[in-house]
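Reading through the structure tokens given below for one structure.
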Amino acid sequence: MKKFKIGIIIFLSLFSIQSCDKEDLTILNPNEAVIETFYQNEAELLSAVNAIYATIQSSNLYAREYWFLHDLRGDDNQSGGGQLETPRNQLLTGNNDPGNSVANAVWTGLYQVIHRSNIVITEGPNTENVNSESLKRFVAEAKFARGWAYYELGTLWGGVPIYTTYAQSLGDTKPRSTQQDVFLQVVQDFEEAAASLPLNYDASNSGRFTKGAALAMLGRMHMFMNEYSKAKNAFDQIVQSGEYSLTSEYDDNFQEESEYSSESLLEIGYADIGGFNWNPTGDGLGNEEAVRTQEYSAVGWRNLIPSLSLLNEFETEFAGDEKTDPRFEKSFYSIGDTFNNDETVLEDNRVQGNVVMFQNQEQKISWRKYSLMYKLDPGGFATGGINMRVIRYGEVLINLAECELEVGSPTRSIELLNIVRARPSVDMPPYPTTRFPVSNNQQIFEAVVHEKRVELNSEQIRNRDILRWRAQGKLANDPISYFTANKHELLPIPQSEIDNNASLEQADQNPGY
């Protein structure tokens, strides 16, 4: 949604406290919009929908903390060095507690999305002078956003409070629901969103939620619920729509000039505005930059670097494979590589932090994905406008391959994996290979796991795959070294939520915390 961020502030609270005197507690802030008087026409309702996107784009979520939380909880990353902040290192090592600021920021951001979505869902039908088709779409966009937020909450925290209407007083708190109830809410929201969202938009609305994105999220949810037939149906509809295709160049999925491509089902838009807004909700901002390029880049903070297990996952001639996977050099920078439009050589003294022992030598390997270094020399600090790709057609094909293995045709599963490998800029040998013979279902599953990891590395996919494969008993060895049963399956409910939600008690906390 490049240059789509709205500048209006949609309020999150019902009133602002002006002083400590009880008689003053209901004084309204004259600078805040009020629900009773704001939603009067289509333009104002559209502003409310845009405010949902603004929260998703904010630093609590896709501009920063969202991808940190997932990458720290999976096994695609390791610490880049002593510069990694304590709350992030705690998540990386499994020593986080209910006060962890990174996890709690994401929790807060997700509930802000839910709150803003519920306002649109509730107030939208009461708004006058709104075209019926526009209203249908606006409500569907809000249901998509709410479904996405509960998908994140339910898969990461388990059972959480469910709000399907917006809170109108500080006493409108909800108790904790079961994880299954959260999942059912997610399914309902995505089914209803898919029924009403368009398959595509004109260029001026690029980045808005689509039917394809809703079906992809629905498929993700059903896979997590171990409902592979339903997931397969959702993914099949995406393929049969003919709306999407793989890009020829793998790099196009992570660079600024190739946004909203044929492969993109959902991406969160950012703009090059000359600086990062450290705003947790995105309120009052005409646009937003993301800070991923600074956090992960070789010439930057380099807070996270690729893990050894991820590096070893790639097929390489060094390890005796038929061919080195081109996605390796398209995902990572190594010392001696060129960057800045191939005008600058990456030297060791430009890269701070840890080394990794890879292919029998110490190396400084850093992230290339979402780094602006492909076209500039950041000089130590750079944020930018590369959109975050949330759902790619490559993921849809691999997810469908897994579903085919579970409830369909193993032969088609292999065919789908080979479509991903045949991308012109990748062009890897088709399965079966020496390393992945795919002669039985277990071997096909191992190929699915491999292909998904190398194709979607550090795209906030792996963490959730580990969670569901673990729950479904599909992991021979747990890839998370610190994992302890009855603790690390879920994140702890934020202590601030337990303290401030009158419907929650300490006994509602997840096991182990």
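The values are calculated or read from the model by the stated rules, or taken from the named source; none is laboratory data. Everything quoted here is computed from the prediction, not taken from an experiment. Cβ atoms come from the backbone with ideal geometry, glycine included; neighbour counts cover every protein chain shown. Just the protein is used for accessible areas: all its heavy atoms, side chains included, with ligands, DNA and RNA removed. Shrake-Rupley method; radii C 1.70, N 1.55, O 1.52, S 1.80 Å.
Can you pull the Rg over Rh of region 412-513, Cα-only, Kirkwood?
1.16
Say each of GLN188 and SER496 gets a label point 7 Å from the Cα, pointing the same way as Cα to Cβ; how far apart are those two points in nm?
A separation of 2.9 nm, rounded to one decimal place.
State in Å² the accessible area per residue of region 30-187; use a 1.4 Å probe, count heavy atoms of protein chains only, and round to the nearest integer.
Accessible surface, normalised per residue, equals 33 Å².
Averaged per residue, what accessible surface does region 264-394 expose to a 1.4 Å probe, in Å²?
36
Can you tell me which of 257-269, 418-430, 151-163, 124-136 comes out highest on packing, and rank the rest after it, using the mean Cβ neighbours within 10 Å? Walk me through the intermediate numbers first.
Working: 257-269: 19.2, 418-430: 16.6, 151-163: 21.9, 124-136: 13.4.
Highest mean packing first, the order is 151-163, 257-269, 418-430, 124-136.
I need the peptides 296-305, 195-204 ranked by packing, meaning the mean over residues of other C-beta atoms within 10 angstrom, with the highest value on top.
Details: 296-305: 24.9, 195-204: 13.2.
Those peptides, ordered most packed to least, come out 296-305, 195-204.
In Å, what is the Rg of the alpha-carbon atoms in region 75-131, and how long is Dmax?
Values for region 75-131 (Cα only, Rg and Dmax): 18.9, 57 Å.
Determine, for each peptide in 462-471, 334-343, 62-71, the mean count of other beta carbons within 10 angstrom over its residues, then list the peptides with the highest first.
62-71, 462-471, 334-343
Could you work out, for region 178-284, what percent of all Cα-Cα pairs fall into each 5 Å distance bin, beginning at 0 Å and stopping at the bin that holds the largest distance?
Calculated P(r), rounded to whole percents: 2, 11, 17, 18, 18, 15, 11, 6, 2, 0.
Is the shape of region 112-205 rounded, prolate or oblate, going by the alpha carbon gyration tensor and its root eigenvalues a ≥ b ≥ c, with a/c under 1.5 for rounded and a/b larger than b/c for prolate?
Oblate, because a/c is 1.5 or more while a/b does not exceed b/c.
Roughly what angle does helix 228-241 make with the longest principal axis of the chain, taking Cα atoms, 0 to 90 degrees, to the nearest 10?
With both axes taken from Cα atoms, the answer is about 90 degrees.
For the chain, with all protein chains present and a 1.4 Å probe, just round the carbon and sulfur fraction of the accessible area to a whole percent.
On the way: 9170 of 19470 Å².
Looking at the chain in its full context, I get 47 percent from C and S.
What nm value, rounded to one decimal, do you get for the distance between ASN341 and GLN40 when each label is placed 7 Å out toward the C-beta?
According to this spin-label approximation, the distance is 5.1 nm.
Pop out the ³J(HN,Hα) list for region 464-475 in order, Karplus 6.51 cos²θ - 1.76 cosθ + 1.60 with θ = phi - 60°, rounded to Hz; leave Gly and Pro as x.
Coupling constants for region 464-475: 6, 4, 4, 4, 6, 5, 5, 5, 8, x, 9, 9 Hz.
Kindly identify region 320-404 as rounded, prolate or oblate by the Cα gyration tensor criterion: order the square roots of the eigenvalues as a ≥ b ≥ c, call it rounded if a/c is under 1.5, otherwise compare a/b with b/c, prolate if a/b is larger, else oblate.
It comes out oblate by the Cα gyration axes.
At a temperature of 10 °C and a viscosity of 1.306 mPa s, determine how fast the chain diffuses translationally according to Stokes-Einstein, using the Kirkwood radius over alpha-carbon pairs as Rh; express D in µm²/s, rounded to the nearest whole number.
67
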